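The values are calculated or read from the model by the stated rules, or taken from the named source; none is laboratory data. What you see is a predicted model; the values in this text were computed from it and never measured. No Cβ is skipped: glycine too gets one built from the backbone with ideal geometry, and neighbour counts run over all protein chains shown. Heads up: the accessible areas ignore ligands, DNA and RNA and are worked out on the full protein's heavy atoms, side chains in. Shrake-Rupley method; radii C 1.70, N 1.55, O 1.52, S 1.80 Å.
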Amino acid sequence: MCARYTMATAPDELIEEFEATLVAKEIPARYNIAPTTEAPIVVQSKEGERRLGLSRFGLVPHWAKDVKIGARLLNARSESAADKPAFRDAFRKRRCLVIADGFYEWRREGKQKIPHHFHLAGMRPFAMAGLWAIWNDPEGEKISSFTILTREAEGAAAELHDRMPILLQPDTYAAWLDRGRDDPDDVREILKWHRARELSSFEVSTAVNNVRNEGPELIQPA
């Protein structure tokens, strides 16, 4: 699964890397992104423009009665997302790039949870396959939210967990965002091309275990 991650890359670099237009006032550096907080995603408009903005981590389907459901919908299994009521509409029509430059996974040592930070060489930004939704709250505010798709773990990630986020290959971004591509089998084909084997990791401070902690010191090797 993927419930905590990092995104500290400068907005200008993100705009260039993902060929997107910035629609948020700012994209703050974050070293401990946790459920229900806002984080950057890229979506494609009906006109075909890629838009980089902030969205709430934890999908809130349009039919939800309460925003709290998002805390339970942080991840979607790629193998079954097309069939689950919470995800099937988004899997066909509202796919996004969840922007990150690393994610955390934990190793258990007795009662201790030892965090590790997974990343590409040079801490380069990458896109995790995501789904997004718009929910109208009772006061009429539109809330954008997202979930991260996962797959069976491979490479370094498999040493700590049986699942991992799907890191899309850059040459599949256009296909993943394409609103006209709505056949589930076709969409699943895109997910076969991923970057699991490019990841490496190192142990970091247990300070990251507290969601209130923030700062670049969280991703320094322990």
Exercise for the section: Would you mind stating whether residue 214 is over 22 Å from residue 34 (Cα atoms) and open to solvent by 40 Å² or more (accessible area, probe 1.4 Å)? Expected result: no
Exercise for the section: Mind listing just one residue for me: the one in segment 54-71 that is among the small types (Gly, Ala, Ser) and open to solvent by less than 10 Å² (accessible area, probe 1.4 Å) and, of those, farthest from residue 132 (Cα to Cα)? Expected result: 70
Handout entry: Qualifying residue in segment 20-39 (condition: under 23 Å from residue 180 (Cα atoms) and of a type in the set (Asp, Glu))
Key = no
Practice task
State whether one or more residues within segment 18-27 are assigned to a loop (DSSP other than H, G, I, E, B), at positive phi and crowded, with 16+ Cβ neighbours inside 10 Å.
Solution key: no
Practice task
Would you point out which residue out of 138, 221 is of a type outside the set (Phe, Trp, Tyr), within 25 Å of residue 72 (Cβ to Cβ) and exposed (fewer than 14 other Cβ atoms within 10 Å of the Cβ)?
Solution key: 138
Handout entry: Failed criterion for residue 39 (all others in (1) over 17 Å from residue 167 (Cβ atoms); (2) open to solvent by less than 30 Å² (accessible area, probe 1.4 Å) hold)
Key = (1)
Handout entry: Residue list for segment 90-118, filter: open to solvent by 60 Å² or more (accessible area, probe 1.4 Å) and among the charged types (D, E, K, R)
Key = 92, 93, 107, 108, 109, 111, 113
Practice task
Only one of these is within 16 Å of the chain's Cα centre (by Cα) and basic (Lys, Arg): 88, 107, 95, 50. Name it.
Solution key: 95
